[in-house]
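In what follows, a single structure is set out as structure tokens and then discussed.
The values are calculated or read from the model by the stated rules, or taken from the named source; none is laboratory data. Since this is a predicted model, take the numbers as computed values, not measurements. For neighbour counting, all protein chains shown are included, and Cβ atoms are generated from backbone atoms with ideal geometry for every residue, glycine included.
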Amino acid sequence: MKWTTRTIAGITLILLFSSWGFFAHYRINRLAVFILPKAMSGFYKSNIDYITAHAISADKRRYVDSTEAPRHYLDADHYGKDPFRKIPQNWDDAAFKYTADTLDKYGTVPWTIQYNYYKLVKAFKAHDTTAILNTSANLGHYVADAHVPLHLTQNYNGQLTNQTGIHALWESRLPELFGDHYNYFAGKARYIDDPLKEAFLICSTSFKSVDSVLRFERILNKSFPADKKYVMTQRGKRNVKDYSPAYCKAYQTMLKGMIERRMRSAILAVGSYWYSAWVDAGQPDLNKLIEQPLSNTEKTNIQLEENAFKAGKIKVPVMTDAEKD
Ligand SMILES: [Zn+2]
């Protein structure tokens with residue numbers, strides 16, 4: 001890749017508005033492991049660090065593959081009022097109605113979920129450990145992205161309503177500040193009958209919250225003292241302007257647990273997609289695919305983490321970028 005100014009600007013944009021921040025993606029994939037049935041959980045637990053670390057691989061691909069970006073969103077409002085009544089769920093029907101280029105331009109996340117779902121079924125059938133792990137991690141990423149309301153609108157960063165920066169505020173800054181106090185447990189993985197229909201349901205549910213996400217911040221911005229809205233903080237070696245903790249707290253309060261609920265639903269959906277793909281593949285014996293069994297210490301730590309998650313009080317180890325690379 002040639003490092004032109006445009007490339008660098010592009011990467012900066014990707015980093016700013018990629019999808020759930022890294023923190024939330026790690027956490028969603030990781031906790032989804034704990035809602036799987038026994039026949040699956042041994043394999044997933046023995047690979048839990050891999051599944052966690054690769055929760056953001058799909059975002060990293062955007063740096064090198066220009067066709068990757070649209071897989072993370074669906075600009076539903078491009079299709080007018082009540083878009084989920086208009087967009088045909090079947091790809092061919094939708095492409096016939098709008099053209100494939102239009103679908104690509106305005107985002108393909110529900111179809112990407114469907115595509116990766118069948119890829120996972122295939123990987124299970126083939127007993128292909130690497131493909132199972134990579135596809136599970138990627139599928140988890142896309143399912144999580146579909147839970148973010150701002151991934152369902154053309155106004156994804158508030159750029160059309162003078163609220164630029166709201167994307168990272170909602171999906172990165174708030175979960176990072178408050179995510180250790182969320183209750184993430186919503187029960188066991190369940191079978192999804194129709195992976196595409198479910199993906200559209202997730203998208204349409206997220207879309208319903210777009211208005212609140214933007215409106216609450218607009219109201220807050222009007223009432224909050226302007227000189228207290230931002231602070232300068234250190235990020236890496238740079239000093240950057242970011243929303244102040246007080247502003248974040250006020251916004252978090254106005255959202256009344258919305259981020260917590262979207263993350264909780266994402267965890268349930270990710271585990272349910274993995275589980276359903278395994279069922280559709282004929283429930284292969286995953287214990288045979290465990291290459292490196294967990295040590296006793298690892299087992300104990302993971303058990304403690306699982307117990308905490310199920311009790312609704314989680315403090316999960318979250319990898320930093322430095323640890324990962
Ligand atoms: Zn993403």
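Annotation: of all residues in the stretch 46-82 being of a type in the set (A, V, I, L, M, F, W, C) and farther than 20 Å from Arg27 by Cα, the one that is farthest from the ligand (Cβ to nearest atom) is Ala76. Among the residues in the stretch 55-76, are any farther than 18 Å from Ala144 by Cβ, at pLDDT below 95 and within 18 Å of the chain's Cα centre (by Cα)? Yes, the stretch 55-76 has at least one match.
Which residues, counting only those in the stretch 124-174, are in a helix (DSSP H, G or I) and without any contact (Cβ under 8 Å) to a residue 40 or more places away in the chain? Thr130, Ala131, Thr135, listed by residue number.
Using the structure shown, decide if Ser276 is under 19 Å from the mean Cα position of the chain (by Cα) and under 18 Å from Tyr182 (Cβ atoms). No: the conditions fail for Ser276. Residues that are within 15 Å of the ligand (Cβ to nearest atom) and either of a type in the set (S, T, N, Q) or modelled with pLDDT under 95 (or both) within the stretch 107-152 comprise Thr108, Thr112, Asn116, Asn138, listed in sequence order.
Taken as a whole, the stretch 92-104 holds at least one residue that is over 30 Å from Gly312 (Cβ atoms), more than 15 Å from the ligand (Cβ to nearest atom), of a type in the set (Phe, Trp, Tyr) and free of Cβ contacts under 8 Å to residues at least 12 places away in the same chain.
Yes or no: Ile48 surrounded by 23 or more Cβ atoms within 10 Å (Cβ to Cβ) and not hydroxyl-bearing (Ser, Thr, Tyr)? Even if it seems obvious, please write down each step before you answer.
Working: surrounded by 23 or more Cβ atoms within 10 Å (Cβ to Cβ): no; not hydroxyl-bearing (Ser, Thr, Tyr): yes.
The answer is no for Ile48.
If you go through the stretch 62-93 and keep only what is surrounded by fewer than 11 Cβ atoms within 10 Å (Cβ to Cβ) and within 17 Å of Pro195 (Cβ to Cβ), you end up with just Asp92. Of all residue pairs spaced 6 or more apart or on separate chains, none has beta-carbon atoms under 8 Å together with a first member in the stretch 191-211 that is more than 17 Å from Lys86 (Cβ to Cβ) and a second member that is modelled with pLDDT under 95 and crowded, with 17+ Cβ neighbours inside 10 Å. Within the stretch 62-94, being part of a helix (DSSP H, G or I) and touching a helix residue (DSSP H, G or I) at 6+ places or on another chain (Cβ under 7 Å) holds for Pro70, Arg71, His72, Ala76, Asp77, His78, Tyr79, Pro83, Phe84, Lys86, Trp91, Ala94.
Please verify whether the stretch 169-177 includes one or more residues that are among the aromatic types (Phe, Trp, Tyr) and within 16 Å of the ligand (Cβ to nearest atom).
Yes, the stretch 169-177 contains at least one residue that is among the aromatic types (Phe, Trp, Tyr) and within 16 Å of the ligand (Cβ to nearest atom).
Candidates are the residues of the stretch 199-251 that are surrounded by fewer than 16 Cβ atoms within 10 Å (Cβ to Cβ) and of a type in the set (Val, Ile, Thr); the one that is nearest to Trp91 (Cα to Cα) is Ile219.
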